[in-house]
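Enquirer: So that we are looking at the same thing, I have put the structure below in structure tokens.
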Amino acid sequence: MNGYREAFEQALKIGRPPNVAELFPNSRALIVSSGFIDRAMLKKGKAIAMAANGRNYFAVRGALMAAQQANAAIIIEIAKSESNYCAVNYWNIARLVDDLCNELHITVPVAVHADHYGVKGQADVENAKSEIPSMFDAGITSIAIDASHLPDDENLLASLELWPYVPAWAGKETEVGEIKGKTGLSTPQEALFLIQGLNAHDVFPEWIALNNGTTHGIEAGSEGIQVELTAEVHDALSPYNVSGAQHGTSGNSSDRLRRIANETRTTKANVATALQMISWGLEVNDYGNARLDENGDFVKVENEGVTEETWKEMTAYAESKGLKKGDYKKLNLAFENRLLSQAREVRERMSARVADFIYHMLTDVFNCRDTAPLAVEEILNAGSYDPGPKVGRTEDPRQWSPEKIRDKAGKIKRDRGESGNFED
């Protein structure tokens, strides 16, 4: 243990990137590039870091508590669209994480990830050129540039235009195929197209996210993640040493998630909706879905999560706004002050319930117990806050000009699936 304390102290000195060191000069929170966390999972083998979605204070607090208990490196994230219905956003999440790490004496490495930075057209690209730097000014240490809503050539071209606005040391995630369930599944061909095109222009993502059969939010069906498809795509990308980022884990059984860890190259898995529901005190099954009673209503566990009085207020508000079960996420912002003003014992049980769930996921499903020392070791080996790329450039940039990108994309055969809003 003394050895880890010494390593942690050294990592504090060299492992925090410049934006974090400037924002929090007196902090003892080891907020790092997510690249180190990816490498820790690879070093352990068949291990996945949880990317815990911070839709509310209680989810962030519970995630950090669980990571400390499991001695596991962890990622705390929020998506672009969630700032529309959550008090937590790209510009305050790092401050929340830093504050809680110091309060709770967290000594595991934590990355702060901007998930699903959505780009749907050139207007978004232009706006991103100031918005992305502002997010890193606010303490973000990792980002997913998600132009998967666009055709393959536009996805790649928009990504290439934006990656120069991301610090070289930051963790990087890219995406091919919107996360929309069993339609519009990603293929090895289009994943290779994206990664090869990025490689040709010196962009080397830690992760790629796929549409591999799952969805965000509440999983309506039982199809879930297609493990074989995921493994096939990851194998095709193996020369580029890209890890997998698994989105939409809620609605997939622990057994299926263990298969993702054991049979694919996945090192990051997002968990969002389940944490929100658990913090409120709803009954959640092994699939991460909140259980419904015979009337189609969520089942609130008495004396867990929010008070029964608060839950009645929340459901009454949802009914007055005509919110469907999948839209209960919109209660986060509306009830932020109400939830934070509850009695201490209520607030503590909300976070503790999240912590219990996440601890089980970290240790019994994702196999990432004791990965904190591995991430610290990677920082010390690098001697820097910059993990550097896992692979160098192998593609010829002359073969990946805008014209040739469009030509190559025209030869990709792919079903883009059903239309709709699949952002989070």
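The values are calculated or read from the model by the stated rules, or taken from the named source; none is laboratory data. Remember, it's a predicted structure, so these values are computed and weren't measured experimentally. Cβ sites come from the backbone with ideal geometry, for glycine too, and all protein chains shown count toward neighbours.
Enquirer: In segment 331-345, which residues are touching a Lys or Arg at 6+ places or on another chain (Cβ under 8 Å) and either farther than 11 Å from MET314 by Cα or of a type in the set (Val, Ile, Thr) (or both)?
Expert: If the condition is that a residue be touching a Lys or Arg at 6+ places or on another chain (Cβ under 8 Å) and either farther than 11 Å from MET314 by Cα or of a type in the set (Val, Ile, Thr) (or both), then LEU340 is the only one that fits.
Enquirer: In addition: Tell me which residues, restricted to segment 59-106, are closer than 22 Å to ILE48 by Cβ, in contact with a Phe, Trp or Tyr (Cβ under 6 Å, 6 or more places away or on another chain) and not hydrophobic (A, V, I, L, M, F, W, C).
Expert: Residue satisfying the conditions is GLN69 alone.
Enquirer: Now for a separate question. Return a yes/no flag: does segment 183-201 have any residue that is modelled with pLDDT under 90, in a loop (DSSP other than H, G, I, E, B) and not hydroxyl-bearing (Ser, Thr, Tyr). Lay out the reasoning, then the answer.
Expert: Residues of segment 183-201 modelled with pLDDT under 90: 183-186.
Those still in the list that are in a loop (DSSP other than H, G, I, E, B) too: 183-186.
Those still in the list that are not hydroxyl-bearing (Ser, Thr, Tyr) too: 184-185.
Yes, segment 183-201 contains at least one residue that is modelled with pLDDT under 90, in a loop (DSSP other than H, G, I, E, B) and not hydroxyl-bearing (Ser, Thr, Tyr).
Enquirer: Let me ask you something else. Test PHE58 against the criterion of being assigned to a helix (DSSP H, G or I), buried (at least 24 other Cβ atoms within 10 Å of the Cβ) and either modelled with pLDDT under 95 or of a type outside the set (A, V, I, L, M) (or both), and give yes or no.
Expert: On the way: assigned to a helix (DSSP H, G or I): yes; buried (at least 24 other Cβ atoms within 10 Å of the Cβ): yes; either modelled with pLDDT under 95 or of a type outside the set (A, V, I, L, M) (or both): yes.
Answer is yes for this residue.
Enquirer: Pull out all pairs, ordered by first then second residue, where Cβ-Cβ is under 9 Å, the residues are six or more apart or on different chains, the first lies in segment 298-324 and is over 13 Å from LEU282 (Cβ atoms) and of a type in the set (A, V, I, L, M), and the second is surrounded by fewer than 17 Cβ atoms within 10 Å (Cβ to Cβ) and modelled with pLDDT under 95.
Expert: none
Enquirer: Looking at ILE132, ILE75, ILE145, which one is under 30 Å from ALA372 (Cα atoms), touching a residue at least 12 places away in the same chain (Cβ under 8 Å), part of a strand (DSSP E or B) and touching a Leu at 6+ places or on another chain (Cβ under 8 Å)? Give the derivation first.
Expert: Numbers: ILE132 fails: part of a strand (DSSP E or B); ILE75 fails: touching a Leu at 6+ places or on another chain (Cβ under 8 Å).
Matching residue, one of ILE132, ILE75, ILE145: ILE145.
Enquirer: Now for a different question. Among the candidates VAL97, VAL119, which residue alone is touching a helix residue (DSSP H, G or I) at 6+ places or on another chain (Cβ under 7 Å), closer than 18 Å to PHE58 by Cβ, buried (at least 23 other Cβ atoms within 10 Å of the Cβ) and β-branched (Val, Ile, Thr)? It would help to see each step written out before you state the result.
Expert: Values: VAL119 fails: closer than 18 Å to PHE58 by Cβ.
From the options VAL97, VAL119, the qualifying one is VAL97.
Enquirer: With the requirement that a residue be under 23 Å from the mean Cα position of the chain (by Cα) and surrounded by fewer than 14 Cβ atoms within 10 Å (Cβ to Cβ), what does segment 7-28 give you?
Expert: PRO18
Enquirer: Now for a separate question. Taking the options GLU336, GLU319, GLU377, GLU348, name whichever one is at pLDDT 95 or above, over 19 Å from the mean Cα position of the chain (by Cα), closer than 20 Å to PHE36 by Cα and surrounded by fewer than 19 Cβ atoms within 10 Å (Cβ to Cβ). It would help to see each step written out before you state the result.
Expert: On the way: GLU336 fails: closer than 20 Å to PHE36 by Cα; GLU319 fails: closer than 20 Å to PHE36 by Cα; GLU348 fails: closer than 20 Å to PHE36 by Cα.
From the options GLU336, GLU319, GLU377, GLU348, the qualifying one is GLU377.
Enquirer: What is the number of the single condition among (1) within 22 Å of HIS247 (Cα to Cα); (2) in contact with a strand residue (DSSP E or B) (Cβ under 7 Å, 6 or more places away or on another chain) that ILE31 does not meet?
Expert: The number of the failed condition is (1).
Enquirer: Exactly one condition in (1) crowded, with 24+ Cβ neighbours inside 10 Å; (2) of a type outside the set (D, E, K, R); (3) assigned to a loop (DSSP other than H, G, I, E, B) is not met by ALA111; state its number.
Expert: (3)
Enquirer: Of the residues in segment 353-365, how many are within 16 Å of ASN53 (Cα to Cα) and touching a Lys or Arg at 6+ places or on another chain (Cβ under 9 Å)?
Expert: At the first step, the residues of segment 353-365 found to be within 16 Å of ASN53 (Cα to Cα) are 353-359, 361-362.
In the following step, the residues that additionally are touching a Lys or Arg at 6+ places or on another chain (Cβ under 9 Å) were identified as 354-355, 362.
Here the count works out to 3.
Enquirer: Filter segment 278-299 down to the residues that are surrounded by fewer than 23 Cβ atoms within 10 Å (Cβ to Cβ), modelled with pLDDT of 95 or more and not in a loop (DSSP other than H, G, I, E, B) and list them by number.
Expert: Across segment 278-299, the qualifying residue is only PHE298.
Enquirer: Can you tell me which residues in segment 1-31 are over 22 Å from SER134 (Cα atoms), small (Gly, Ala, Ser) and modelled with pLDDT of 95 or more?
Expert: Listed by number, the residues that qualify are ALA7, ALA11.
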